[in-house]
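Below is one structure, written out as structure tokens; the observations come after it.
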Amino acid sequence: MRRTSMMLALLAAIALTAGCTQEQQNRISRLGVTFLEGDYRVTYADGEHVKSWIVKDGKVTSEPQKGYYYFWAVIDGRKAYVQTPIARTYIEEIP
């Protein structure tokens, strides 16, 4: 169900941006995005530097004005609050 909702949102975003100017597309991409209550792998990749975190039963929140994602991740068996740059971060839902 959650995957279907995310897919529909993605298709809607693509349809909306198809007729937009580049500036309008940039504004849309800066809108806040929140991945709600689920399990995610969040990966920051910048050239050779790659770091991944696991979010268990949590959410990933963005603050586009500041350019970061925020989330609680499991690190060495403990939860830690993490922020990563939106521009180089990838989020994937994990089973």
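For the stretch 62-70, putting each phi into the Karplus relation 6.51 cos²θ - 1.76 cosθ + 1.60 with θ = phi - 60° gives couplings of 10, 10, x, 4, 9, x, 10, 9, 10 Hz, in residue order, rounded to whole numbers and with x for Gly and Pro.
Inter-label distance, residue 93 to residue 46: 3.0 nm, where each label sits 7 Å from its Cα along the C-beta direction. In order along the stretch 84-90, the phi-based Karplus estimate (6.51 cos²θ - 1.76 cosθ + 1.60, θ = phi - 60°) of 3J(HN,Hα) comes to 9, x, 4, 4, 10, 10, 10 Hz; Gly and Pro are listed as x.
Bear in mind these aren't lab numbers, they're just calculated from the coordinates by the rules spelled out. Keep in mind that what you see is a predicted model, and the values were worked out from it rather than measured. Quick reminder, even Gly has a Cβ in these numbers, built from the backbone with ideal geometry, and neighbours come from all protein chains shown.
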